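Written below as structure tokens is the structure these notes are about.
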Amino acid sequence: MRDMAQEPAVFGVIEAEQQLLGAILLDNTCYDRVSDILKAEHFADPLHARIFDICARRIAAGHLVSPVALRPILEGDPGLAAVGGPRYLVRMAGASVSGSMSRAYAEIIIEQACRRALHGASQEALKGLEVGEGSGEVRTRLLEAISRLPEPAGSESTQSIAKAMMSAVDRAVKTYQGEVSYLQTGVPGLDRIIRGLAPGNMTILGGATSMGKTSLALEIAANVALHQNKGVAFVSLEMAEEELATRMASSIARVPYADIRDAANMEEDAFRKWIEASQKVGDAKLRIVPKHVRDVAAIHAAVRRADREMGGLSLVIVDYAQLVQGKGNSRYELMTNVSIGLKLMSGLIGVPVIALVQLGRDLLMRDDHRPQLSDIKETGQYENDADQVVFCHREAYYLERKGPNVSKNGEISAEARADWEADLARTRNIMELIVRKNRHGRLASAEVGFHAATNRFWEIGKE
């Protein structure tokens, strides 16, 4: 006959908490069996939460935990007095579960904590809808509540180094054999440094105004969606959908995208090439999330839908992060929450996210215009959350606007003009990709060919 005392499922959560705490009070090693997954906030009864917290602190300090040891600490606790005082600790110890069952009881407590948290979040969501809150704000709160849920019962909180090593070796072998690899951007110079984009990672792509951030993002999107035939969601918060499509087709056709605005005056051959390229772009596995979808929760929902529609998603690009709406009493707090939300989204969806960011104008005042991590506007959270930070830099942009050096008397010498023209010729149509953070590899820079008028990239020396 089955011993019902060993069947945790027949008891309520309060009884499970009592019996687990009793086991810890009798055998302190039971705490070690559950401490990796169980926290004080998981307990439904506030008194039980306080008892567990005291046990955790005493055991961590190397002190004994028992009904006798806890009696003077909890003396005067109103919650303990309400259930009979110190005798309650003795009763818990007397009704304790066996040490071998402590893990199962901890999982019951965590499961119930998840259910309470979900119920509370759903009630708050219903209340918000009833008082007229927007669906985007309600979705954001629900997403935040889900992200704070305790670990589901039965899932692993720790993993042996042997199992982790086996998984790493398996991926390395498959990559070596050409079966699987991290997602490649299709920009060889960049891929050689960052070694591809991993699922759940967030890459920050930054640059000053007119440096070509969006152009590079479109190049990566085209390489993944067209050449690798993998799903891409492009969240466009700055440009209209038609403008993005036009730029992508111009890159393939090698026709300046500005010419499309005046298509009536285009050469027939150029227009034909652009139409052919447009047909290729139309077949790409790419979904554009339009600019009216602005908060993190709405973006998350739109990306999930794109994932379903395309039968799988491999990359999300957000252009650009400072236009995403979020919660916060200040711009700094808002952007901090947006960064956290985008990083969370990458983990929940399980694909890499590339978030474009604008840089502060202070770098325009420096002699060296190459961006640093501190140049990211409004919050340092993007730097903290990012797995890679890549900056776009075009020295020719600054040289063109600066012009030749002017002497003290306001004249430009022939030598100064020649030097300026030589520097401009050397840097024209070149973009420097500067990797300032890379959790998975080295820090370095790569130069790539870039033609701004047609949005086209190439590997220097290859074309």
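Some points to look at:
- In this structure the amide hydrogen of Leu315, modeled in the peptide plane, comes within under 5 Å of the amide hydrogens of Ala233, none closer than 5 places in sequence on its chain.
- Options Thr336, Leu286, Val324, ranked by Cα towards positive dipole end of the range 285-440, top entry (Cβ charges): Leu286
- Accessible area per residue was computed with a 1.4 Å probe on protein heavy atoms; Trp458 scores about 50 Å².
- For Lys230, nonlocal amide neighbours, meaning residues 5 or more places apart or on other chains whose placed amide H falls under 5 Å from its own, are Ala225.
- With θ taken as phi - 60° and the Karplus curve 6.51 cos²θ - 1.76 cosθ + 1.60 applied, the whole-hertz 3J(HN,Hα) list for the range 367-382 is 5, 9, 8, 5, x, 10, 4, 5, 7, 5, 6, 6, 7, x, 5, 4 Hz, x standing for glycine and proline.
- Folded to 0 to 90 degrees: helix 13-26 orientation relative to the chain principal axis, Cα: 70
- In the chain, Cα pairs under 8 Å separated by at least six residues give a relative contact order of 16 percent.
- Put His63, His227 in order of accessible area, highest first, and with a 1.4 Å probe you get His227, His63.
- Cα long-axis angle, helix 331-349 against the chain (0 to 90 degrees, to the nearest 10): 80
- The amide H of Gly206, built 1.01 Å from its N in the peptide plane, has Val357, Val390, Phe391, Cys392 as neighbours under 5 Å, considering only residues 5 or more places off or on other chains.
- Given their separation in residues at 0.36 nm each and the Cα-Cα distance between them, Leu364 and Glu124 gain 81.7 nm when the chain is fully extended.
- Rounded accessible area per residue of the chain, 1.4 Å, Å²: 52
- The HN-Hα couplings worked out from phi for the range 428-445 by the Karplus form 6.51 cos²θ - 1.76 cosθ + 1.60 (θ = phi - 60°) are 5, 6, 10, 10, 9, 9, 10, 8, 9, 9, 7, 5, 10, x, 8, 9, 6, 10 Hz, whole numbers, x standing for Gly and Pro.
- Cα lying deepest toward the dipole's positive end in the range 217-334, options Ala264, Thr246, Ala298, charges on Cβ: Ala298
- Student exercise, the chain dipole from Lys, Arg, Asp, Glu Cβ charges, in Debye to nearest 20: 480
- Radius 11 Å from Cβ of Thr185, net charge of other residues (Lys, Arg +1; Asp, Glu -1): 0
- 3J(HN,Hα) couplings calculated from phi for the range 28-36 with the Karplus curve 6.51 cos²θ - 1.76 cosθ + 1.60 (θ = phi - 60°) are, in sequence order, 5, 5, 5, 4, 5, 6, 10, 5, 6 Hz; Gly and Pro show x.
- The chain - mean residue ellipticity at 222 nm from DSSP helices (-39,500 (n - 2.57) per run, n ≥ 4, rounded to 500): -15000 deg cm²/dmol
- Within the chain, the longest segment free of exposed loop sites, counting trypsin sites (Lys or Arg not before Pro) that fall outside DSSP classes H, G, I, E and B and have at most 13 other Cβ atoms within 10 Å, spans 149-365.
- Taking Cα centre as origin and charging only the Cβ of basic (Lys, Arg, +1) and acidic (Asp, Glu, -1) residues, the dipole magnitude of the range 1-115 rounds to 220 debye.
- For the range 1-130, projected area of the alpha-carbon convex hull averaged over all directions, nm²: 9.6
- (1) 21.9, 68; (2) 29.4, 105; (3) 21.2, 63, with the label sought being that of the calculated Rg and Dmax of the Cα atoms in Å: (2)
- Projected onto planes of every orientation and averaged, the convex hull of the alpha-carbon atoms in the range 225-300 covers 5.5 nm².
- Solvent-accessible area, 1.4 Å probe, carbon plus sulfur percent, for the chain: 51
The values are calculated or read from the model by the stated rules, or taken from the named source; none is laboratory data. Remember, predicted model here, so these are calculated numbers, not experimental data. Glycine also receives a Cβ, built like all others from the backbone with ideal geometry; neighbour counts cover every protein chain displayed. Keep in mind that these areas ignore ligands, DNA and RNA; they rest on the heavy atoms of the full protein, side chains included. Shrake-Rupley method; radii C 1.70, N 1.55, O 1.52, S 1.80 Å.
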